[in-house]
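Remarks on the structure that follows.
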Amino acid sequence: MTKTRKPRIAIQGIATSFHEVAAMNYFQVPIQTIECLTFHALCEALKKGDADFAVMAIENSIAGSILPNYFLLQEYHFSIIGEVYLPIHMHLLTLPGVKLSELKVIESHPMAIRQCSDYLYKLKGVQIMESDDTALSARKVKEQRLKTTAAIANEYAAKKFGLQILERRIETHKKNFTRFLILTRKSKSPTESNKASLCFEVAHEVGSLAEALMTFKNNSINLTKIQSIPIIGKPSEYSIHIDVEWRKRKSYDQAIGEVLRQVKNLNILGEYKKAKIEYV
């Protein structure tokens, strides 16, 4: 009997990171994690075939959009086949027995630090250091036996590396979510898709963007996100990224047909099923 191979999923970070948790939540089957320290390395792993899929964070409800990842989406031309919203609970992790008053350094990923800014601002005499990954910071505390350093990471990291949770839920807002995109090299849309991510350019003229966006409204298409990123080498010109949702596929197809005549370089990055946000 042939043994089924686990899907290989490229993530930014190491095992127990939020990216791995998002991957497990989305695929709901045993996976093989391909650890990548940067988002560029993640894209390269998918491009070269070292991974079957990639999970990429794109925005957080506190820290906002991850703009460099929009550039990567345009550069690599991967297809978005899904999304997942992950509740983000940040904890302060230390070696067992360490007290808050003993800490001199707190280390984590820049996005995690931003999401805990209110808590960190109140601490006095503690240096805040950035790292490549939340789980990587937790592993560093464990392996190097850093008695005066804490990591900001999740509960999975605490369990894996045998760390104590010194302070729980230190994120600024408790309804804190990160949205992750599921990427693949193959452009195949789910049959039940009701959401799409698009990017395009518009003429540098009065009302050109408004006209394109009104087309979606006139076809009963819900615009759920809009993000502009600069076009390199073209000052004052931008690529517009939008997410749209629909109830009737026919309405979406109609809108796309009309928008094609209004914009330049329209690219459908992916059509997929809208994910649910579940508060925990």
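Here are the numbers for the structure shown:
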item	result
Segment 195-272 - charge dipole about Cα centre, Lys and Arg +1 at Cβ, Asp and Glu -1, debye rounded to 20	280
Helix axis angle, 208-218 relative to the chain longest principal axis, alpha carbon, degrees	90
Dipole of segment 91-167, positive end: most advanced residue of ILE106, CYS116, LEU146 [Cβ charges, Cα centre]	LEU146
Gain in span if fully extended, HIS77 to ASN25, counting 0.36 nm per residue against the direct Cα distance	16.3 nm
Extension gain from LEU260 to LYS140, taking 0.36 nm per residue of separation minus the Cα-Cα distance	38.2 nm
Computed magnitude of the charge dipole of segment 91-167 (debye, nearest 20; Cβ of K, R +1, Cβ of D, E -1)	280
Label-to-label distance, nm, for residues given as LYS250 and ARG168 (7 Å Cα→Cβ offset)	5.2
Cβ-defined net charge surrounding ALA41, 12 Å radius [Lys, Arg +1; Asp, Glu -1]	-3
Mean Cβ count within 10 Å, highest first, over the residues of peptides 204-210, 137-143	137-143, 204-210
Where labels lie 7 Å past Cα in the beta-carbon direction, separation of ASN218 and ILE268 in nm	2.0
Nearest-ten-degree value, helix 249-259 long axis tilted from longest Cα axis of the chain	70
Extension gain from ILE128 to SER236, taking 0.36 nm per residue of separation minus the Cα-Cα distance	35.3 nm
Within-13-Å neighbourhood charge of ASP118 [Cβ basis; K, R +1; D, E -1]	+2
Residue exposure sequence - VAL126, VAL263 - by fewest surrounding Cβ within 10 Å	VAL126, VAL263
Other-chain or far-sequence residues with amide H under 5 Å of SER65's (modelled H)	ASN60
Table column - 3J(HN,Hα) (Hz), segment 161-175, Karplus curve with 6.51, -1.76, 1.60, x for Gly and Pro	9, x, 9, 8, 8, 6, 9, 9, 6, 8, 5, 4, 10, 6, 8
Net charge dipole size for the chain [Lys, Arg +1 and Asp, Glu -1 on Cβ; Debye, nearest 20]	840
Distance from segment 161-185 to segment 50-122 (C-alpha centre basis), Å	7
Computed helical MRE - 222 nm, the chain, DSSP H runs ≥ 4 contributing -39500 (n - 2.57), nearest 500	-8000 deg cm²/dmol
5 angstrom amide H check on LEU269, placed H, neighbours 5+ away	SER197, LEU198, CYS199
Share, in percent, of DSSP beta bridges within the chain that are antiparallel, nearest 5	75
Net charge of Cβ neighbours under 11 Å - reference GLN12; Lys, Arg +1; Asp, Glu -1	-4
Table column - 3J(HN,Hα) (Hz), segment 228-239, Karplus curve with 6.51, -1.76, 1.60, x for Gly and Pro	9, 10, x, 8, 4, x, 10, x, 6, 10, 9, 8
Of (i) 21; (ii) 25; (iii) 14, the label for percent of Cα pairs over 35 Å apart derived from the coordinates	(ii)
Hz values of 3J(HN,Hα) by residue in segment 55-68 - Karplus curve (6.51, -1.76, 1.60), Gly and Pro given as x	10, 10, 5, 10, 6, 10, 5, 9, 7, x, 6, 9, 4, x
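Quick note: the coordinates plus some simple rules give every number you see, no bench work behind them. None of the values given here were measured: they were computed from a predicted structure. Using ideal geometry, Cβ is built from the backbone for each residue, glycine included, and neighbour counts are taken over all protein chains shown.
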